[in-house]
Amino acid sequence: MSNQRQQKPTLTGQRFKTRKRDEKERFDPTQFQESIVQGLNQSGTDLEAVAKFLDASGAKLDYRRYVETLFDILVAGGMLAPGGTLSDDMTCTEFCLFKAQEDMETMQAYAQLLLFLKGFTESERNKLAMLAGILLANGNLSAAILSSLFNENLVKEGVSACFAVKLFKSWLSEKDINSVSSGLRKVGMDSRLMELFPANKRSCEHFSKYFSDAGLTELSDFAKNQQSIGARKELQKELEEQMSRGEPLKDIIPYVREEIKKNNISEQTMIGLIWASVMSSVEWNKKEELVTEQAIKLLKQYSPLLKSFTSQGLSELTLLLKIQEYCYDNIHFMKTFQKMVVLLYKADVLSEEAILKWYNDAHVAKGKSVFLEQMKKFVEWLKNAEEESESEEEEAD
């Protein structure tokens, strides 16, 4: 027995030399424990190494048959005798729940390990999924445990998606979709739901149909929204890079038009992305007196791009609000607002109707008093020009 203990299996799992011993490990709980304990002790306290060992060992050890023994080992360190005590004549492992540190991070790591082993039957997985959903809904578990569902084999076999259906149904029976979205966002899982499916099925259409058919339309809609947000972030990043490289507008404008069609993005959303990309494409001077000059030069360069995607009044208002918010959030630009608006008016990006609408009732609270005061004289000029134009038209009639 001692010789066997010295020949510890590797983390990836090794082939045992004789057919007779292989069969014994498959059907003998004592030998099953010895194989698992040896691998766990060799893995140490590295949870990733433990997970790899258990995953590899599942190919040759009958986890389904010995699921109770496996749970005993992972929870208590070894097979439990009647009465709930550890057997004295068996080697145990220090890697177990009862020997772990008593803190939430460690407990969540063990929960992640215990919840998603492949050895469970479908019924057992369903029960675990329902329990996990309840615990997640009530804040007893972190949604970080869901990362185990992205295991390549679990995804390929369809286990991950089935488990997720039961889990999210359970979660939503306790709380609403806001609880789900909040829990997922906290740990960066909100943008990874597509990974529940193999690469060839990783599309918004497939995800939507799968979860809608399972009665989880709310989750389907949430995932669509997250993918849309992800696509917009990628688009903004690409635009920033194109501008930083000095790509000509004759290439950028068709690219943006194509992205609008491909991702079904509204012009109002797109003008916001373009504005953010333009303002992020340069390194701004730290001196306030030089920022205005730099901003005017940049907007002159990109005014044809902005003009191409402000064909609607709502798009113009959106741009005005983005400028207002940007100048308020970046204090060096507080005195630049009026000059930006006037420049874009002269470049036919913003119309007098949009500017007057913004001034009268469409502005937001951020820096309102400062920006309205800056715009006062220009707005008066616009109103007078409008009145003169109307007067001339009446005289012409």
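Using only alpha carbon pairs under 8 Å that are at least six residues apart, calculate the relative contact order of the stretch 313-393 and give it in whole percent.
Values: 46 pairs, mean separation 28.0, N = 81.
Worked out over the stretch 313-393, it gives 35 percent.
Given the stretch 222-348, report the % of alpha carbon pairs whose separation exceeds 24 Å. Value for the stretch 222-348: 26 percent of Cα pairs lie more than 24 Å apart.
Relative contact order for the stretch 204-281 using alpha-carbon pairs under 8 Å, separation at least 6, rounded to a whole percent? Intermediate results must be reported in sequence, preceding the final value.
Details: 40 pairs, mean separation 24.4, N = 78.
The normalised contact order for the stretch 204-281 reaches 31 percent.
Reported value for the stretch 113-240: 109 Å³ per residue, from the convex hull of its C-alpha atoms. Net length available on complete extension from residue 97 to residue 157 is 18.8 nm, with 0.36 nm assigned per residue and the Cα-Cα distance removed.
Close amide H contacts of residue 86 (hydrogens built in the peptide plane, cut-off under 5 Å, sequence separation of 5 or more or a different chain): 81.
Listed cross-link partners 52/262; 209/261; 99/201; 175/322; 166/237; 287/383 are compared with a 30 Å cut-off, the Cα-Cα value being larger for 52/262; 99/201; 175/322; 166/237; 287/383. Rounded if a/c is under 1.5, else prolate if a/b beats b/c, else oblate: with a ≥ b ≥ c from the C-alpha gyration tensor eigenvalues square-rooted, which is the stretch 283-368? Verdict is oblate for the stretch 283-368. Shape annotation for the stretch 168-236: C-alpha extents along the principal axes are 36, 25, 16 Å, from largest to smallest.
Here is the list for the stretch 221-325: GluC sites (Glu not before Pro) lying in DSSP coil, each with at most 11 other C-beta atoms within 10 angstrom of its C-beta, are 283. Between the stretch 206-262 and the stretch 294-323, the alpha-carbon centres lie 21 Å apart. Rounded to the nearest 20 debye, the dipole size of the stretch 272-348 about its Cα centre is 180 debye, using +1 on the Cβ of Lys and Arg and -1 on the Cβ of Asp and Glu.
Of 275, 381, the residue with the largest accessible area leads and the full order is 381, 275 (1.4 Å probe).
Enter the accessible area per residue of the stretch 187-291 (Å², integer; probe 1.4 Å; all protein chains in place). Write out the running numbers ahead of the final one.
Values: 5710 Å² over 105 residues.
Each residue of the stretch 187-291 exposes 54 Å² on average to a 1.4 Å probe.
Label positions at residue 185 and residue 131, each projected 7 Å from the Cα along the C-beta direction, are separated by 3.1 nm.
So what's the net charge close to residue 133: Lys and Arg +1, Asp and Glu -1, counting the other residues with Cβ under 10 Å from its Cβ? Could the numbers behind the result be given before it?
Values: positive: 166, 169, 175; negative: 174.
Counting the neighbours of residue 133, the net charge comes to +2.
Taking a spot 7 Å from the Cα of residue 334 along the direction of its beta carbon, which residues of the stretch 353-370 have an amide N less than 12 Å from it? 367-370, by backbone N distance to the label point.
The values are calculated or read from the model by the stated rules, or taken from the named source; none is laboratory data. Keep in mind it's a predicted model, so treat the numbers as computed, not measured. Quick reminder, even Gly has a Cβ in these numbers, built from the backbone with ideal geometry, and neighbours come from all protein chains shown. Keep in mind that these areas ignore ligands, DNA and RNA; they rest on the heavy atoms of the full protein, side chains included. Shrake-Rupley method; radii C 1.70, N 1.55, O 1.52, S 1.80 Å.
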